[in-house]
Amino acid sequence: LAPTSRARRALDADPTPTDLPGRIGVRAMRLLPAGVWGPVPLRELRLLRRPVAVFYGQKVLYALAALAIVPVLGWLLSLSLPVPWPITAAAGVVGAIVMWFAPNYDVRVEARAARAEFTRSLGSYVDLVALERNGGAGARQALENAAQIGDSWVFQRLREELGRSRWSGQAPWDALTSLADELGLPDLADLADIMRLSGEEGAQVYATLRARSTALRSAVLAIETTKANEANERIAIPGNLLAMIFIAIMLGPAIYRLFFPT
């Protein structure tokens, strides 16, 4: 999403930042035109609970750092090699453009890790909700009691959303659905749909919840297995290169004498 009126409303909704990137972001947001910011990952920023102003401030600081560092590196290089100043200036501009979009990449990587952590914790939460329902608790009570058990940021986020829904009179499954849509968490939306059936239609959902938690754990295990296999493959690459270098060292003299006999 481009930083149009929606992004500006998000900036206005954030508390006034007190750190350096936040203060710079607030000032830059008001001085620079909206078109220069590029895509703004609002959903990822909400998941990370990072103010939009901080994100904008990081973009400005990263670009300024590139504009300052690249010319210095070019000057150091010019001490041994003749480097024309237009090339140094162009490199600084290119570096600033690249670093301008670096926070977008950082936010998406951090959000991907946060969603993976949310999925892992959600499996435990679904199990706890199932146990609460099996013990006779109502749909809302099961969701709220299960959220009180964990102390991670995932359980804290769920507690906050459920508490907000209680005070506003909103159904808890509707609140969880809104949170899932806002943060891009489809697994949480599935839990909300299951609990909606339980709360509105009185359906028995214990078996469904346990099956859902098993599916979540299986999905997490598959992802972790894939990551482990990729790590093993990356670890094997240096070993293979060392083996090839060792073979080349051992066979090099013999091959040289074969083609260039003395």
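A few points about this structure:
Yes or no, residue by residue, for (1) more than 29 Å from LEU45 (Cβ to Cβ); (2) out of contact with any strand residue (DSSP E or B) (no Cβ under 6 Å at 6 or more places or on another chain); (3) among the acidic types (Asp, Glu); (4) at pLDDT 90 or above:
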{"residue": "LEU162", "(1), (2), (3), (4)": "no, yes, no, yes"}
{"residue": "GLU182", "(1), (2), (3), (4)": "no, yes, yes, no"}
{"residue": "LEU191", "(1), (2), (3), (4)": "no, yes, no, yes"}
{"residue": "ALA222", "(1), (2), (3), (4)": "no, yes, no, no"}
{"residue": "ASN229", "(1), (2), (3), (4)": "yes, yes, no, no"}
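- In the set ASP193, ASP181, ASP187, only one residue is assigned to a helix (DSSP H, G or I), without any contact (Cβ under 8 Å) to a residue 12 or more places away in the chain, within 26 Å of ALA113 (Cα to Cα) and of a type outside the set (A, V, I, L, M); that residue is ASP181.
- Test for ALA111: is it buried (at least 19 other Cβ atoms within 10 Å of the Cβ) and within 15 Å of THR208 (Cβ to Cβ): no
- Qualifying residues in region 73-92 (those that are open to solvent by less than 80 Å² (accessible area, probe 1.4 Å) and in a helix (DSSP H, G or I)) - the one farthest from PRO41 (Cα to Cα): SER78
- Residue in region 53-64 that is closer than 26 Å to LEU183 by Cα, exposed (fewer than 14 other Cβ atoms within 10 Å of the Cβ) and in contact (Cβ under 8 Å) with a residue 24 or more places away in the chain present: no
- Residues that are open to solvent by less than 50 Å² (accessible area, probe 1.4 Å) and in contact (Cβ under 8 Å) with a residue 60 or more places away in the chain within region 220-248 comprise just one, VAL220.
The values are calculated or read from the model by the stated rules, or taken from the named source; none is laboratory data. Treat the numbers as computed from the prediction; the structure is a model and nothing was measured. Virtual Cβ from ideal backbone geometry, glycine too; neighbours counted across all protein chains shown. Areas reflect the complete protein model, heavy atoms only, side chains present, ligands, DNA and RNA absent. Shrake-Rupley method; radii C 1.70, N 1.55, O 1.52, S 1.80 Å.
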